[in-house]
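The values are calculated or read from the model by the stated rules, or taken from the named source; none is laboratory data. In this text, all values refer to a predicted model and were calculated from it rather than measured experimentally. So basically every Cβ, Gly included, is an ideal-geometry build from the backbone, and we count neighbours across all protein chains shown. Accessible surface is based on the protein model in full, side chains and every heavy atom, while ligands, DNA and RNA are left aside. Shrake-Rupley method; radii C 1.70, N 1.55, O 1.52, S 1.80 Å.
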Amino acid sequence: MKQAFALMMLLAALLQLGYLLAGYDAIYQIGYGAITLMGLMISLTFLWLYVQRATPLALGMAYSWSGASLVLGWWWIFALAGEPVVMSESAANFAPLALYLTGAVLHFSVIHRSFGSHGAAFLWPALGAVALSTLIYLVV
């Protein structure tokens, strides 16, 4: 735990140093590009673990990491391309978002089963998140 926290603090400091030396745009592009590529590699690893039936969370992790990576990758490419209008309101970004949301729902399902529960009650956290997000959108 201490090592993970120390790594996070080191990376936060390095990103801030990079920001001071190279500016926001450079660190944004490098950071988003790196996490997009690392996330896709992690997603493939979890997909392999799922095929090997190594862990029940593997499929949810594969979906989550691929969705997160592709959503971040969308914004990375969007910024690299100079924020083209064709990408600014494109529904194509909803496909990776669907992967990401599927991964979250699969996680809730596994968590639900780990408590010894069965049925569709695992959907309540996801539905609650959608309802709260909708309410925030309507209020703001």
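Taking only pairs six or more apart or across chains, which ones have beta-carbon atoms under 7 Å, a first residue in the range 9-30 that is in contact (Cβ under 8 Å) with a residue 24 or more places away in the chain, and a second residue that is open to solvent by 60 Å² or more (accessible area, probe 1.4 Å) and of a type in the set (A, V, I, L, M, F, W, C)?
From residues that are in contact (Cβ under 8 Å) with a residue 24 or more places away in the chain, the pairs are 29/80.
Here is a check on your reading of the model: is residue 131 without any contact (Cβ under 8 Å) to a residue 60 or more places away in the chain and closer than 25 Å to residue 32 by Cα?
no
Looking at the structure I just gave you, is residue 131 more than 12 Å from the chain's Cα centre (by Cα), hydrophobic (A, V, I, L, M, F, W, C) and either at pLDDT below 95 or part of a loop (DSSP other than H, G, I, E, B) (or both)?
Here the answer is no, as residue 131 does not meet what is asked.
With the structure loaded, tell me whether residue 55 is at pLDDT below 95 and open to solvent by 30 Å² or more (accessible area, probe 1.4 Å) or whether it fails that test.
For residue 55, the condition - at pLDDT below 95 and open to solvent by 30 Å² or more (accessible area, probe 1.4 Å) - is met.
Consider residue 62 against the criteria (1) touching a residue at least 24 places away in the same chain (Cβ under 8 Å); (2) surrounded by fewer than 17 Cβ atoms within 10 Å (Cβ to Cβ): it satisfies all of them except one. Which criterion is unmet?
In the conditions (1) touching a residue at least 24 places away in the same chain (Cβ under 8 Å); (2) surrounded by fewer than 17 Cβ atoms within 10 Å (Cβ to Cβ), residue 62 misses (2) alone.
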